[in-house]
Amino acid sequence: MTNTRFAILLFPALLAPGLLAQDTVAPTTGEPVGSARGTNKGDYNIVQSWEAGYRFMSVGGDRGKYSGDVNYRDGFRLLSSQMTVNSKDGKGKYFDEIILSTQGLGNDPYESAVLRVAKNGLYRYDLSWRQNDYFNTALVVSAGQHAQNTVHRWEDHEVTLFPEKNFRIRAGYGGVSLDGPALSSQQEFDTKGDVYPVFRNIRERFDEYRIAADGRFKNFKFTVQRRWEFYKEDTKDNQILALKGTAPALLTSFVRPQPYRGRTPGWMGNIYGETRWIALNAHASYSSGTGDYAQNELAIGLDRFGSSANRQIAVRAHGNRPVAAGDFATTVLPGKRFSIVNNLSASNTRMNGSNLFQQYDASTLSFATVNFQFLGIRLVTNSTDAHFRISKRLDVFGGVRFSQREIRSIEDTADAGSKFDGVSGQQTNSTKAGVFGANVFLGKAFRAHFEGEIGRNDNPLTPVSLRDYHAIRSKLQYRTKTWTLGGGYNDNYNTNSVQITAYSAHSRTYSANGSWTAKSWVSVDAGYSKLHLDTIGGIVFFAGSPRAVRVTDQQSMYVSNIHAANIGLRFALRKYADLVVGYNLTKDTGDGRAMLTAQSSANAQILYNAQTFPLTYQTPLLRLSVRLTEKLRWNVGYQYYGYHEDFGLLSLNQGYRANTGYTSLLWAF
């Protein structure tokens, strides 16, 4: 059988994982425009391309789910741009290099820009900016009473002085913001009261300032950095969207400002040195965070018995969180075939302060107060790995891991003589693990990697923590001049049993992928992956009517079997046009059930409905790029998004069908 026929027969079985992270049909990527050498202007060479066009879309079905998954909308966009300006002799007057790239500017839900300006031997300035629109109706878990429509922005600036020298100075600023409207919910006026939807105005901001020095002396490199971080939140709940509850309950007024201010100055240092047979790398950091928080909640109305209710909750907190961490790695190379790496890490986190919760009920004149005192976490880990190259075709490695964690807490109450006043708790656990594996090389074409890990934890903190676990990881690849085949298998299994309940989780991943360049004008890429996950654990909760009782005979189970496949074909049509065709499919078959069936009790029914979520997501795409002139291309593309749930929680089956596309001009000038 020829290589061509063999590759064609394999393509239906070649799939790639990570389907939901696929490329979208726009912007147009990989299509040449303009001269690769650019144009010369004075002492500089300029290479640039800009793509501007119009997006269009139509949606049928659940528009909110589409906005949460895809969120592309109609309108003109600067879909992408690339520009480089370089000094021809490396001696520009003010700069020697400018690099600018953008994507999605002009109201795309995912926008970004990256800029670099540099002068050889003197300075370098780096800028990165990104903005994402986030929309989530949370329909299946809250019946529409929780939702967000926010904008998330990231930016970072850094100036480096003397970037090519042995000693350089860096100064930078980074900022993150989140703002937008949201819906939340509030339960009033007791634990059995009604739940009301409340409007929330989200306002969060994070700012970081830093200054650093990097140096190099003989075989050593070092870095010292000082940073200051500031966080503030001014989120406020201030409007009731549904006044009427279950009669005679009524919430007539609700307001809850909850400002927070945090400050975290810190230091970071790193030193690296190496000789012919040993390398050392030490890293240390320390930060001393402080935070101030206040909440003043006021709710007025009628409780479930029709009595007047006036509840006020005040929360005041001032906390400190010093964190110290360090890593020390040693690599020993006694020979060309043998190496040993040891890594020792330690961290200590403490949280303490005056945290006061006060609740006052004006209707009953009752008053409650709770304090939090201290929480400390100390972690020490050590790992040693040995690597031995037996021959040119085989090398093996193995290692041991050890970690120990100690958690301490102290509670405090304002009630004198309370049995919880000053109560302290402490837990210590340790994990021991072994790692082993091999790399196989059969000529230049074939390579394989196998790795396994077995670990034990003597006292896991939570039921879902790792206790008795093992992991298997493997990867294969075969490559020739015209095609590449690869595959892998991963297996992770964990069982845990604590005094409260038992828990186990098992995941397996199978993957295969391949690419084939059949001719200079046609290529194909394809992939497939299957991810199996099942978890089961005991669960204890209170339910029932008219009086809730403890339920202990139910289990929390979840089963997922996700199949992901993709295939893409690219055709270069006589150098005048390029055609891209692709198809992506993700399908979760769940545990195999075709429909939900009635259970013996309401509690069992709710748990049964949440055990699996079979669904199908698919998106074919088509893109044509036509070369009009040497510096101008016309592009047009279409992409379909289809999402369907077989059955969902609370009988809410989300689904949508979206037709999206674009047309654009890509040009260089």
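No value in this document is a laboratory result; all are computed from the given coordinates. Values in this document were obtained by computation on a predicted structure and should not be read as measured data. In this analysis, Cβ positions are derived from the backbone assuming ideal geometry, glycine residues included, and neighbour counts consider all displayed protein chains.
Things worth noting here:
- Sites listed here are trypsin sites (Lys or Arg not before Pro) in the stretch 231-314 whose DSSP assignment is loop and whose Cβ has at most 14 other Cβ atoms within 10 Å: R276.
- Charging the Cβ of each Asp and Glu at -1 and of each Lys and Arg at +1, and nothing else, the dipole of the stretch 39-101 about its Cα centre rounds to 140 debye.
- Under 15 Å of direct C-alpha separation, and excluding same-chain neighbours fewer than eight residues apart, K93 reaches these aspartates and glutamates: D43.
- In a reduced charge model with +1 at each Lys and Arg Cβ and -1 at each Asp and Glu Cβ, the stretch 187-248 shows a dipole moment near 620 debye about its Cα centre.
- Separation of alpha-carbon centers, the stretch 155-208 and the stretch 276-340, rounded to whole Å: 15 Å
- The trypsin sites (Lys or Arg not before Pro) of the stretch 517-559 that DSSP puts in a loop, and whose beta carbon has at most 13 other beta carbons within 10 Å, are R547.
- Using the empirical formula 2.2 N^0.38 Å as the baseline, the Cα radius of gyration of the stretch 35-116 reaches a ratio of 1.55.
- Ignoring the sites themselves, the chain has its longest run without GluC sites (Glu not before Pro) in a DSSP loop having at most 14 other Cβ atoms within 10 Å at 165-629.
- Over 21 Å between alpha carbons, listed pairs K65/K587; K165/K218; K444/K481; K91/K218; K65/K236: K91/K218; K65/K236
- Whole-angstrom gap from the stretch 471-529 to the stretch 111-128, using each part's C-alpha centre: 37 Å
- When every Cα-Cα distance of the chain is counted in 20 angstrom steps from zero, the calculated P(r) takes the values 12, 38, 41, 9, 0 percent.
- Of the chymotrypsin sites (Phe, Trp or Tyr not before Pro) found in the stretch 73-177, the ones in coil according to DSSP and having at most 13 other Cβ atoms within 10 Å of their Cβ are Y94.
- Dipole of the stretch 544-669 [Lys/Arg +1, Asp/Glu -1 at C-beta], most positive-end residue of L615, S545, S556: L615
- 3J(HN,Hα) couplings calculated from phi for the stretch 159-165 with the Karplus curve 6.51 cos²θ - 1.76 cosθ + 1.60 (θ = phi - 60°) are, in sequence order, 10, 10, 9, 6, x, 9, 7 Hz; Gly and Pro show x.
- For the chain, the Cβ-based charge dipole about the Cα centre amounts to some 2740 debye (Lys, Arg positive; Asp, Glu negative; other atoms uncharged).
- Under 5 Å between amide hydrogens, built in the peptide plane, is the criterion, and for D62 it picks out G655, Y656, R657 among residues at least 5 positions away or on other chains.
- Farthest toward the positive end of the dipole of the stretch 103-185, out of T150, T137, Q103, is the Cα of Q103, where the dipole comes from beta carbon charges about the Cα centre.
- 10 Å-binned pair-distance histogram of the stretch 555-669 (Cα, whole percent): 12, 30, 21, 16, 12, 7, 2, 0
- Based on Cα contacts under 8 Å between residues 6+ apart, the chain shows a relative contact order of 10 percent.
- Each of Y478, N270, Y260 was placed along the dipole of the chain (beta-carbon charges, centred on the mean Cα), and the one lying farthest toward the positive end is Y478.
- Whole-Hz couplings from phi, Karplus 6.51/-1.76/1.60, listed for the stretch 328-333; x for Gly and Pro: 9, 10, 10, 10, 10, 10
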